[in-house]
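Working notes, beginning with the structure itself.
The values are calculated or read from the model by the stated rules, or taken from the named source; none is laboratory data. Since this is a predicted model, take the numbers as computed values, not measurements. Here the Cβ is made from the backbone with ideal geometry for all residues, glycine too, and neighbour counts use every protein chain on show. Just the protein is used for accessible areas: all its heavy atoms, side chains included, with ligands, DNA and RNA removed. Shrake-Rupley method; radii C 1.70, N 1.55, O 1.52, S 1.80 Å.
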Amino acid sequence: MITLQRRQLVGHDILLARHGNHISSMRVDRSNGRVVALLDDGSLDSAPNLIAPGLQLPQTVRSVLREDWKLLSAWAGAAALLGGLMTAAAVVLGTTADPAVLEAFTAYAAY
């Protein structure tokens, strides 16, 4: 079930507790589930971004979009293509069909 809860990531907190003001920059390495910090002396340190590796955090809208963006893009493209085809068909039918047939389409009850 998708919830709108914010994920509780702990990598930043761990690195701040270890190094405090000696951190120049931090970045999230999502593929490895870690936070990497560049320290003042030029060295790197990293910390896991989850409390426990097997912990299943609730999904957020952002995490679902990050994981399923290809599928959602394909569905959006297919819907746009179908909408364009239907619009083109309606324009062609409206300009080339016999007016009597168009009147019959609008007057005929489909139920």
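Here Arg30 and Ala78 are evaluated by their C-beta separation; at R0 = 35 Å the FRET efficiency comes out at 0.80. Normalised by the number of residues in the range 25-111, the average gap of Cα pairs under 8 Å and 6 or more apart makes the relative contact order 12 percent. Give me the percent of accessible area attributable to carbon and sulfur for the chain, probe 1.4 angstrom. Exposed carbon and sulfur together represent 63 percent of the surface. For the pair Met86 and Phe105, the difference between a 0.36 nm per residue extended length and the Cα-Cα distance amounts to 5.2 nm.
Candidate membrane-span-like segments in the chain, meaning DSSP H helices with Cα atoms spread over at least 24 Å of their own axis and a Kyte-Doolittle mean of -1.0 or above, are 61-96, with no membrane implied.
For the chain, the solvent-accessible area works out to 80 Å² per residue, with a probe of 1.4 Å and every protein chain left in place. Of the labelled figures [x] 2.07; [y] 1.07; [z] 1.47, only one reflects Cα Rg over 2.2 N^0.38 Å as derived from the coordinates, namely [x]. Distance between the pseudo-spin-label points of Ile51 and Leu93 (7 Å out from Cα toward the beta carbon): 5.8 nm.
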